[in-house]
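One structure is given here, and the rest of the page talks about it.
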Amino acid sequence: MAESVAENKKNQARNVPSEGIFFQGRLHGALAHRLAVDILKGNYKPGDILPHQIDSVESLNSTRTPYREAIRILAAKGLVESRPKRGTQVCERSRWNLLDPEVMGWMFETTPTDAFIKALFELRLINEPAAAELAAERRTPEQLSQMYASLMIMKEETLHTERGRIADLEFHKQLLLGTQNELLISLNSSIGSAIAWSTKFKSSDPIGSRDSWPDHLRVYEAVADRDSRAARFSMEALVRTALEDTRRSQGWKTASLSLEAHT
């Protein structure tokens, strides 16, 4: 309590209220979010110069500091770059860090294209079957136990609930950890984001949707049996079937992937 009083006095002496610091932090995050969504929607296109300040900053009678911090956030994610005498320019899409969990979340606040969704599934197809194969050979009893616990939650909750989707993420995370490959494991946040958003997108219309729990069970059983070939095949089938489910739910005419099915 004494420390809190002392800290408040110190902040008052500096003319910086503690709640003001919190507000500034919240503000620059909100500004980064707003600008990012505008860029992802195409309101600001690659090559466009962003305004020096936007309405929300001016209406709050704030300093430019939150705006500059917001630009730093977007620059770190490859969305913009600041150049002397030219201002802040939107970068080419090829430079955007689309696998950044925050960027991917912003992307799904817009209407992601069919091509982007299919690209997510292609990314999963490249990584997850190989990870399942390695996990079948290397997983620990603890990782297998965590996979089973997640599997039971998914069975009870389904992927239409937040708890069920969290359990799904944990299932895939433990599978990745089971590879014992630190480079693959370092992809967890990126692959996890791809799984989370593609699953949420697929499950957005629960009417008539297929239960993917049996697909996950087959992956688990192969990993538990240390059958690496079956683990790879089962995971590939899971991802391809998830894409097919998405195709049906979104009314796509085709959902073919560029990669040939594993035989």
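Only the coordinates and a few stated rules stand behind these numbers; no lab work does. Bear in mind the structure is a predicted one, so any value in this text is a computation, not a measurement. Note that we place each Cβ from the backbone using ideal geometry, even for glycine, and neighbour counts take in every protein chain shown.
So here's what we get for this one:
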| read-out | value |
| --- | --- |
| Where only alpha carbons of the range 98-163 are counted, the Rg and the Dmax (Å) | 15.5, 41 |
| Of LYS173/LYS200; LYS77/LYS202; LYS118/LYS173; LYS45/LYS77; LYS45/LYS200; LYS41/LYS173, pairs whose Cα-Cα distance is over 23 Å | LYS77/LYS202; LYS45/LYS200; LYS41/LYS173 |
| Under Karplus coefficients 6.51, -1.76 and 1.60, residue-wise ³J(HN,Hα) of the range 237-242 in Hz, glycine/proline x | 4, 4, 5, 5, 5, 4 |
| Efficiency of FRET between GLU221 and ASN97 - r from beta-carbon atoms, R0 35 angstrom, step 0.05 | 0.45 |
| Cα centroid separation - the range 216-239 against the range 71-112, whole Å | 37 |
| For the range 61-124, with +1 on Lys and Arg beta carbons and -1 on Asp and Glu, the positive-most of ALA70, PHE121, MET107 along the dipole | ALA70 |
| Per-residue HN-Hα couplings for the range 133-145 [Karplus 6.51, -1.76, 1.60; θ = phi - 60°; Hz; x = Gly/Pro] | 4, 5, 4, 4, 8, 10, 4, 9, x, 5, 5, 5, 5 |
| For the range 85-102, 3J(HN,Hα) per residue [Karplus equation, 6.51 cos²θ - 1.76 cosθ + 1.60, θ = phi - 60°, Hz, x = Gly/Pro] | 6, 10, x, 9, 10, 6, 6, 4, 4, 4, 9, 6, 7, 5, 8, 4, x, 5 |
| The range 79-146, relative contact order in percent, only Cα pairs under 8 angstrom and at least six apart counted | 15 |
